[in-house]
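The values are calculated or read from the model by the stated rules, or taken from the named source; none is laboratory data. Computed from a prediction, not measured in an experiment: that's the story for all the values here. Ideal geometry is used to build each Cβ from the backbone, glycine not excepted, and the neighbour counts take in all protein chains shown.
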Amino acid sequence: MNWREHIHSDPAVLTGKPVVRGTRLAVDFLLELFASGWTSAQVLEGYPQLTPEALRAVFAFAAEAMHEESFYAVQLGAR
């Protein structure tokens, strides 16, 4: 999946957040919908400007971003 065909960033749109091309739907917003329990069908119904390919691109973008980042475990308090 070449997410670059579907995801882009423009400083004039949502201060440069990655969005689905041709929309103002940010990648993080769409991921939050899924994290909240939305299904692909619900997202596509609620946002008809999206395509199934664009949704796959959101996940491909997120996966690639995770590969490129370093994460550190932080203990928030004693157990």
Problem - Odd one out for residue 20, checked against (1) in contact with a His (Cβ under 7 Å, 6 or more places away or on another chain); (2) at pLDDT below 95 - result: (2)
Exercise for the section: Could you look through the stretch 1-49, keep only residues that are closer than 15 Å to residue 59 by Cβ and hydroxyl-bearing (Ser, Thr, Tyr), and pick out the one that is surrounded by the most Cβ atoms within 10 Å (Cβ to Cβ)? Expected result: 40
